[in-house]
Amino acid sequence: EAGVTQFPSHSVIEKGQTVTLRCDPISGHDNLYWYRRVMGKEIKFLLHFVKESKQDESGMPNNRFLAERTGGTYSTLKVQPAELEDSGVYFCASSQESRASYEQYFGPGTRLTVT
Amino acid sequence: AQSVAQPEDQVNVAEGNPLTVKCTYSVSGNPYLFWYVQYPNRGLQFLLKYITGDNLVKGSYGFEAEFNKSQTSFHLKKPSALVSDSALYFCAVRDPNTGGFKTIFGAGTRLFVKA
């Protein structure tokens, strides 16, 4: 079974540019999550999809961030325009069951550096 | 507000000795508690969880954790450390009553096992 994959693994962009991160969850997993970890800090929840619907986007920092999950399969997270404080590692995770007791499966992350 | 604290940035232990990685949480009600491990250039990997029942839970690679409601702690333990256990460990909590699927992570503790 293929795991959660993320693309790209690294991205370096200049302030003001746009970047789109992609996440492919494990096949059949309806639940998809985005998280961000700023250097040395805790991993922060950004949002949660169930299929193509946003269930909870309370962690999204501001309207420069846009997440989509068209068709309920892969998801993209766009940052436009990027700011210096957006730098960090963005993790995607998925889970099969819509129950809070279930663990999540994480991708390797995308390291975003905004210069 | 919900929070997770991992008071130690790094834990050093000699191979063969027991290890403990500490975690305390602040969540109302009965939380769901998780431990994840991250190896270099990999995504977070689920180790174990406490949902209900026996306070001592056992997980992958010989790890176990004890839920202590009165101390609001969920410390990760292993009787005999291996060099291969060296990694970054994250404690996480979900509040099934209020937080839905939102997972709160600690800042992580780096475990270094010396041969």
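The values are calculated or read from the model by the stated rules, or taken from the named source; none is laboratory data. Note that the coordinates shown come from a computational prediction; the quantities given were computed from them, not determined experimentally. All Cβ positions, even for glycine, are placed from backbone atoms using ideal geometry, and neighbour counts span all protein chains on display. Protein only, heavy atoms only, side chains kept; ligands, DNA and RNA dropped before computing areas. Shrake-Rupley method; radii C 1.70, N 1.55, O 1.52, S 1.80 Å.
Give the residue that is nearest to the chain's Cα centre (by Cα), with candidates limited to residues of segment A:34-64 that are small (G, A, S) and assigned to a loop (DSSP other than H, G, I, E, B).
Start the filter on segment A:34-64 by keeping residues that are small (G, A, S), which leaves A:40, A:53, A:58-59.
Okay, now just the ones that are also assigned to a loop (DSSP other than H, G, I, E, B), so A:40, A:58-59.
On the way: A:G40: 18, A:S58: 14, A:G59: 11 Å.
Going through the qualifying residues, I end up with A:G59.
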Discussion item. Please count how many residues of segment A:20-51 are open to solvent by 10 Å² or more (accessible area, probe 1.4 Å) and farther than 18 Å from B:G43 by Cα.
Written reply: 5
Worksheet entry | Whichever residue in segment A:67-92 is among the small types (G, A, S) and at pLDDT 95 or above and, among such residues, is most open to solvent (accessible area, probe 1.4 Å) | A:S87
Worksheet, complete the sentence: Within segment B:2-20, residues at negative phi and in a loop (DSSP other than H, G, I, E, B) come out as B:Q2, B:Q6, B:P7, B:E8, B:D9, B:E15, B:N17, B:P18
Discussion item. Can you find, within segment B:21-58, the residue that is surrounded by the most Cβ atoms within 10 Å (Cβ to Cβ) among those that are modelled with pLDDT of 95 or more and assigned to a loop (DSSP other than H, G, I, E, B)?
Written reply: B:C23
Worksheet item: Can you tell me how many residues in segment B:21-76 are at positive phi and in contact with a Leu (Cβ under 6 Å, 6 or more places away or on another chain)?
Response: 0
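Please find, within segment B:6-63, the residue that is farthest from the other protein chains (Cβ to nearest Cβ) out of those that are of a type in the set (V, I, T) and closer than 22 Å to A:S95 by Cα. Write out each step before concluding.
So the first thing to find is which residues in segment B:6-63 are of a type in the set (V, I, T), and the list is B:11, B:13, B:20-21, B:24, B:27, B:37, B:51-52, B:57.
Remaining after also requiring closer than 22 Å to A:S95 by Cα: B:37, B:51-52, B:57.
Working: B:V37: 11, B:I51: 5, B:T52: 9, B:V57: 12 Å.
Within segment B:6-63, the match that is farthest from the other protein chains (Cβ to nearest Cβ) is B:V57.
Given the structure, is A:S11 open to solvent by less than 80 Å² (accessible area, probe 1.4 Å), within 21 Å of B:F46 (Cβ to Cβ) and more than 12 Å from every other protein chain (Cβ to nearest Cβ)? Spell out the reasoning first.
Values: open to solvent by less than 80 Å² (accessible area, probe 1.4 Å): yes; within 21 Å of B:F46 (Cβ to Cβ): no; more than 12 Å from every other protein chain (Cβ to nearest Cβ): yes.
When the stated conditions are applied, A:S11 does not pass them.
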